[in-house]
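Shown next, in structure tokens, is the structure this report addresses.
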Amino acid sequence: MIICTNKNALFQAIDKCKAQGKTIGFVPTMGALHAGHISLINRSTAECDTTVASIFVNPVQFNNPNDLQTYPRTLETDLALLETNNCDIVFVPQVEDMYPEGMQNLEHYNFGTLETVMEGAFRPGHFNGVAIVVKRLFDLVQADKAFFGDKDFQQVAIVKQLVQQCTIPIQIIPCPIVRESDGLAMSSRNVRLTADERIQAAQISQTLFAAQKMAKTHSVQEVKNFVIQTINAVPALEVEYFDIVDDTYLQSVQSWDDAERIVGCVAVNVGAVRLIDNVVFLS
Ligand code: PAF
């Protein structure tokens, strides 16, 4: 595995692949890798000749300075995991590589209502920060395909929109959520839960699974009330939002007939840790 710690090293590695006519799959990450990330690497190695991963904790997508400061950083373990899983190239830039002009007055993207709902409403500026770094990484890596986890459902919608707006020649491949054995969606932030919070956090996905069953016989509003009340009844959990939305524009639906594919998305504060998850109601 080639480890590139600056843009020049990355350019050289990518040029070599391109010269050999190899297809490139890209898995952008912020490190603290877990089985969810590895599923993306595996998908990329299965579909592309060369797999490139990036590890960069992107400061401009954090709206909460404490979240940025406490974001887990496990570079040595991450590199070992990537190597074991046949990643070919890993790009580990410094902040100055990604933001040579500094982090003030950066470009501004407009994703319309996609960025004003759910995560966008509760994390102002977050998706603009994601779009800035993803666009810069896509320009550097020049991949054929990029793999993103469906846990960040709204992020996938934003990235697809970014690719369309900027006419980037890349295919975005959303990949299924990977869960712990008790159903908790894998997340780099899970390691920040206390042992007790970790046990209680399983109620997030358990409630979403129960809601999926309930949706067959209950209205959208009833399912919403159920999810919010059930999660809030768990002492360590506090729902920030739960919404049931169509999968394209991410707008709230009022009835199960409002869209062909309907997804329930939740953000929950578990002590000091904020977790998100989602389930598909109709597909
Ligand atoms: O999903 C993530 O880990 C990040 O938002 C991403 C896509 C790597 C951009 O920093």
Using only protein heavy atoms and a 1.4 Å probe, report how much of Thr29 is accessible, in Å² to the nearest 10. 20
Region 88-205 - Rg and Dmax from Cα coordinates, angstrom: 16.4, 46
Cα gyration tensor category, rounded, prolate or oblate, for region 152-232 with a/c compared to 1.5: oblate
Restricting everything to alpha-carbon atoms, can you work out Rg to Rh for region 135-283 with a Kirkwood hydrodynamic radius? 1.01
Shape call, region 9-52: gyration tensor on alpha carbons, a/c limit 1.5: oblate
Isotropically averaged projected area of region 1-77, using the convex hull of Cα atoms (one quarter of hull area), nm²: 5.9
Between Asn63 and Thr116, what length in nm is gained on full extension when 0.36 nm per residue of separation is reduced by their alpha carbon distance? 17.6 nm
Would you calculate the convex hull of the Cα atoms in region 74-119 and tell me its volume per residue in Å³? 166
Size of electric dipole in the chain: Cβ of Lys, Arg +1 and of Asp, Glu -1, about Cα centre, debye, nearest 20: 260
Below 16 Å Cα-Cα, how many Lys pairs turn up in region 105-230? Only count pairs eight or more apart in sequence, or on different chains, if you could. 6
Taking every DSSP beta bridge with both residues inside the chain, roughly what % is antiparallel (nearest 5)? 50
Treating only Lys and Arg (+1) and Asp and Glu (-1) as charged, each at its beta carbon, one finds that region 198-283 has a dipole about its Cα centre, in Debye to the nearest 20, of 360
If unit charges are put on Cβ atoms (+1 for Lys and Arg, -1 for Asp and Glu) and the dipole of region 91-221 is taken about its Cα centre, the option from Gln154, Ala215, Phe138 lying farthest towards the positive end turns out to be Ala215
Obtain the radius of gyration and the Kirkwood radius of the chain from its C-alpha atoms and give Rg over Rh. 0.97
With a cut-off of 8 Å between alpha carbons and a minimum separation of six or more residues, what is the relative contact order of region 1-147 in percent? 38
Note down the nm distance, to one decimal, between modelled labels 7 Å out along Cα→Cβ at Asp257 and at Asp196. 4.9
Skip the ligands, DNA and RNA, and give the accessible area per residue of region 1-113 with a 1.4 Å probe, whole Å². 50
Charges only on Cβ, +1 for Lys and Arg, -1 for Asp and Glu: so what's the dipole of region 15-121 about the Cα centre, in debye to the nearest 20? 260
Viscosity 1.002 mPa s, temperature 20 °C: give me the Stokes-Einstein translational D for region 4-141 in µm²/s, with Rh taken as the Kirkwood radius over C-alpha pairs. 133
Roughly speaking, to the nearest percent, how much of region 109-247's 1.4 Å accessible area is carbon and sulfur? 52
List the GluC sites (Glu not before Pro) in region 196-268 that DSSP assigns to loop (not H, G, I, E or B) and whose Cβ has at most 13 other Cβ atoms within 10 Å. Which are they? Glu260
Set Lys and Arg Cβ to +1 and Asp and Glu Cβ to -1, take the dipole of the chain about its Cα centre, and tell me which of Ala201, Ile24, Pro72 lies farthest positive. Ile24
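The values are calculated or read from the model by the stated rules, or taken from the named source; none is laboratory data. The shown structure was predicted, so the numbers you read here are calculated from the model rather than taken from an experiment. Every residue, glycine among them, receives a Cβ derived from its backbone with ideal geometry; neighbour counts consider all protein chains shown. Ligands, DNA and RNA are stripped out before the accessible areas are found, and what is left, the full protein with its side chains, is counted by its heavy atoms. Shrake-Rupley method; radii C 1.70, N 1.55, O 1.52, S 1.80 Å.
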